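Take a look at the structure below.
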Amino acid sequence: MEKPVRASDTPYATAVEAGKSYYWCSCGKSKKQPFCDGSHSGSEFSPVKFDATESKTVYFCGCKATKKQPFCDGSHSK
């Protein structure tokens with residue numbers, strides 16, 4: 001099993017809009033962090049879809065070690 005690339009040591013605070021879908025990068029290789037740009041192609045990784053039900057700021061995981069994909073759970077500080 002491949003390990004994801006650590007894209008950031010902190011979460012990505014991102015304003016999301018109600019009714020829109022977002023695709024979080026799980027491999028860490030995307031140049032459009034925290035979102036997928038297809039860099040996972042040919043690997044065992046795939047993006048994680050998040051459907052925003054309300055407009056607000058969410059914290060997408062940057063270290064890719066979270067157990068609560070796609071959100072930060074503090075794993076970057078462990």
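The values are calculated or read from the model by the stated rules, or taken from the named source; none is laboratory data. On a predicted model such as this, the values are computed, not experimentally measured, just so you know. Remember, those area values only see protein heavy atoms, side chains included, never the ligands or the DNA or RNA. Shrake-Rupley method; radii C 1.70, N 1.55, O 1.52, S 1.80 Å.
Points worth noting:
- For a straight C-alpha distance cut-off of 25 angstrom, the lysines reachable from Lys3 (same-chain residues fewer than eight places away being disregarded) are Lys29, Lys31, Lys32, Lys49, Lys64, Lys67, Lys68, Lys78.
- Radius of gyration (Cα atoms) of the chain, expressed as a multiple of 2.2 N^0.38 Å: 1.03.
- Proportion of all alpha-carbon pairs of the range 15-60 beyond 12 Å (%): 59
- Accessible area of the chain divided out per residue, in Å², using a probe of 1.4 angstrom: 62
- Percent accessible area from carbon and sulfur atoms, the chain, protein chains only, probe 1.4 Å: 49
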